[in-house]
Structure formats: structure tokens, C-alpha cells
Amino acid sequence: MKQSLFFAKTRKESPKDAVAASHKFLLRADYIDQLAAGIYTLLPLGQKAHQKLLKIIREEMDAIGAQELLMPALHPKAIWESSGRWEVYKGEMYQFQDKSKHWFGLGPTHEEIITAIVASRVSSFRDLPVALYQIQGKFRDEARPKAGLMRGKEFIMKDLYSFHATKEDFDDFYNKASEAYLRIFKRCGVEAFPVLASGGAFTKDMTKEFMIKTKAGEDITLICEHCGWAANKEISANVSKNCPVCKEKVSEHVTLEAGHIFHLGTRYSEKLGAFFLDENGKRQPMIMGCYGLGTTRLLAAIVEVHYDKKGIMWPESIAPFDIHLLALGKDNKIKQEAEAIEGHLQKEGIGVLYDDRDISAGEKFADADLIGIPLRVVISEKTLGQGMVEIKYRKEDAARMVTRGELINIAKADLNRVNN
Ligand code: ATP
Ligand code: MG
């Protein structure tokens, strides 16, 4: 893709209210556009990176047997009343009347909707388990939208829901989902760890949050380095200094919640009529779990752990392009060589952003560092004279000269590593 045609305009300054690194750099490099506080467009760069992240999520969800669907964002009031949550969610849910005076809400989450869908299709233990997920826009009237994609009023979430005939089957799936989450985070280049947390207003059950250590987070997690116990400080008011399991000292860390998984029990299935006949012909409520992961928040979290003062340093698995190809100088031979290399790389399935713009070398280098594509390739009079190209990884300092053939092999090897 020629950068002169690509829809992105980098800028030198970020708005004063942008404090978090991800907020600043995603704005400056033109991954996102702010419409209002907590409401963003994913521009072409942002959309490309987000799609890469979604591909990983879909692969891991499909691998544990979950199937994708897509539910509406617009929900009639009645279904939220059947769970009793219309009132409870008043502060957080956008609720309004249409012109016929019927009440609707924009979905902050989808337990009610999915439970009604499953209730009307599953009637026997033979139909269970069922695991369904979607990747969809959520709406929450957050009091303090913050840090760009990190906390929005509208954001994108992957939400998975599972339905089981027995507690054992639920436990088994919950563990599988938990492992899938860890694989997702690892493949996205971030280290997340499970943390005990509270299930909110609706349950005494403990839940599992997946936390990433970053100062951009809004949670405090207590961690025991000795035995690995970790809990959200919210629920650990009584744990002052020592781990409740091994009594060793615990330490406090600022963390960001990237995912949250819950045991819902039969709360929603009983209220929304999701029953099945068990092996003895007895009518039972289905046992449910739900598993949320904020995909736009995760995109920002990845930046929070991969940046330096010049800009973003994407992990190869998420970068919007694999290679940033810079042609320096006005000579036609340079352009011809750059175009030939772009074509060659593209034929190998390697994503290339080719900076063909008529601007200074310094500006091209600065933009490349800001945008954060993992491998930079420079073609200039100097490299042309040697019959070579110059390559440099965004995360490394040293550049080196390689032949065109070597470049193709290096790029293919990098791509292979990410895909396997
Ligand atoms: P938080 O404590 O950060 O408000 P939550 O407990 O309300 O999160 P859940 O309802 O469990 O979040 O939603 C599942 C996931 O959706 C979260 O783990 C997070 O990744 C993401 N998420 C929640 N709220 C937002 C938001 N306002 N903006 C972006 N992502 C969000
Ligand atoms: Mg919340």
C-alpha cells in the first residue's frame, strides 16, 4: 500500500488531555479519531490492527468449541425487566423511548439476550453444552471515560456465554476458557495473569479477572510472588500485608483489567426460562458462564506495554503492516527498486506500507517510529549503490544491510513465527 494514498495523517502534538501513552500515540499516529469523550472511530490503521487481534481471538474461541453469532445492540425493556436488571442498570445503560413511546436500551452486556436465544432452542441434556460468542459494540454511560480506547462509552467487546447441564461440565469449560484467554493475551504480546475478583452486585461468587501490569490501569492488584496468589484489592480489604494462602508478604501493583470471566450459575436461566430435561427426564435450569474481553481496550493495552518515547512498537502479531518500506530520495531508480520490492513482498503475503511520499527522510523516519511497524526497510542511493537494502527492527537500535533475497527470507521467517 502506497502511503501517499493511505488514509492516515500523523501529527507532532497530541491533545493536552491525552496522558496515557496509548491514547497519545494512537491519536498522533492516526489509528483513532475522537468523536466525543469516550467515543472513537477506528481509522484504517486502527481497524487493521484491531482485525489482527480479532483473528487471534476468533481462532482461540473456535478452538474451544465456541461458535460466533452477532446479537443486536438495541434491546427492548421487557427482556431486561425479566432479569430485574432494567432498574439496576439505570445509571450505566443508555435507556430511551422510541417515537411510539416504547422503552429501549443500548446493550452494555448480553446475558439476557443470549439466554432467551438458547432457551428457545435447547430442551434436552443432549443439546448441551452450548458456547456462543460475539464481537460487538457495547454501550455504557461511563462517568469518567478515560485514556482513549481504555474506557469508552462505546467500545468493542468479545463476549462469550456458555450453557451446561452439570457443574462438572461448566467447571471444565471455565478452565478451558481461562486457558484460551491466557493464549490470546500471549499471542497479542502481553502478559496477563488471573486475579480473584468480585462478581459485582449480582453474586457472592468470586470471578476471575485477567490483569496486565501497566501504570495506565485503574485497578490495584495484590500479588504474592511466593505462591502466585493474586486478588483485586477491592475484595481484599482485609489482606493488609500477607498472603492468605502462604502467609508470605504480598505486593501491590497497578493493573489494567483486560478480561473478566464469571460463573453465573442458574441466575439468568431461571429468570429467562432456560431449562432442559436431564437424563432422568427432570426439568433443570442450565448452568451458565460468561466471559468478557474488551478488544478495543486490549488494543490500547498492547500499546501500553510496547512503546518508547518515539512511538508504538507493535508486536508482529498485531501490527497493521509487517514492513514499513521507506524510499529516500527523488531518483527514479530508487522508486523503481522500492516498487519492485513491494511487489515481491506482497506476493509472499507480507503486508507492506510503502512510504512513497515527497517529504524529507527525517519525517519518514519519525513517522515510521511513531506508527510502529515491526520492520523498517530503507532504499536510498547508498543502499542502491551497494545492491542492498537497509533493515531495522523497531525494537532494536542497529540497522544492517542485506540483499533483496535475504530481506524476503527474513520477512517470511518473521511471518511464519507469528503464524505458528
Ligand atoms: P471495569 O471494572 O474496567 O469497568 P467491568 O468489570 O465493568 O470493567 P465487564 O463488564 O466485566 O467489565 O466487561 C468485560 C470486559 O470489557 C472488561 O474486562 C474490559 O476489558 C472491557 N470493558 C469494560 N468496560 C469497558 C469500557 N468502558 N471501555 C472499554 N472496555 C471496557
Ligand atoms: Mg465497568
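All of the numbers you see were taken from the coordinates with simple rules; none came from a lab. Just so it is clear, the structure is predicted and the values come from calculations on it, not from any experiment. Cβ placement follows ideal geometry from the backbone for every residue including glycine, while neighbour counts extend to all protein chains displayed.
A few points about this structure:
- Under Karplus coefficients 6.51, -1.76 and 1.60, residue-wise ³J(HN,Hα) of segment 153-160 in Hz, glycine/proline x: 7, 10, 8, 10, 10, 9, 10, 10
- Charge dipole magnitude, Cβ of K and R +1, D and E -1 - the chain, Cα centre, debye nearest 20: 620
- Across the chain: Cys residues that no other cysteine approaches within a C-beta distance under 4.7 Å: 188, 290
- Cα-based shape type of segment 6-104, given that a ≥ b ≥ c are square roots of the gyration tensor eigenvalues and the cut on a/c is 1.5: oblate
- For residue 220 and residue 34, a Förster radius of 35 Å and the Cβ-Cβ distance give a FRET efficiency of 0.80, rounded to the nearest 0.05.
- In degrees, nearest ten, helix 332-347 long axis to first principal axis of the chain (Cα): 30
- Among 173, 161, 197 the positive-end extreme of the charge dipole of segment 144-199 (Cβ point charges): 197
- Placing +1 on the Cβ of every Lys and Arg and -1 on the Cβ of every Asp and Glu, with no other charges, gives segment 321-419 a dipole of roughly 220 debye about its Cα centre.
- Once the Kirkwood radius over Cα pairs is known for segment 321-419, the Stokes-Einstein relation at 37 °C and 0.692 mPa s delivers a diffusion coefficient of 245 µm²/s.
- Spacing of the two label points (7 Å from each Cα toward its C-beta) at residue 7 and residue 41, in nm: 0.7
- Sorted by Cβ neighbour density within 10 Å, fewest at the top, the residues 41, 10: 41, 10
- Scaled against 2.2 N^0.38 Å for its residue count N, the alpha carbon radius of gyration of the chain is 1.12.
- Close amide H pairs (under 5 Å, H built 1.01 Å from N) link residue 214 with 255, 256, residues at least 5 positions away or on another chain.
- For segment 7-16, 3J(HN,Hα) per residue [Karplus equation, 6.51 cos²θ - 1.76 cosθ + 1.60, θ = phi - 60°, Hz, x = Gly/Pro]: 7, 7, 10, 6, 9, 7, 10, 10, x, 4
- Comparing 46, 67, 262 along the charge dipole axis of segment 21-308, the residue lying farthest to the positive side is 46, per the Cβ-charge model.
- Evaluated with a Cβ-only charge set (Lys, Arg +1; Asp, Glu -1), segment 222-293 carries a dipole of roughly 200 debye about its Cα centre, given to the nearest 20.
- The lysine pair tally for segment 321-419, using Cα distances under 19 Å and a gap of 8 or more places or different chains, is 14.
- Positive-pole candidate from 226, 380, 56, dipole of the chain, charges at beta carbon: 380
- Derived scalar couplings ³J(HN,Hα) [segment 403-420; Karplus, 6.51 cos²θ - 1.76 cosθ + 1.60; whole Hz; x for Gly, Pro]: 7, 4, x, 4, 4, 4, 5, 5, 5, 5, 5, 4, 5, 4, 4, 5, 7, 10
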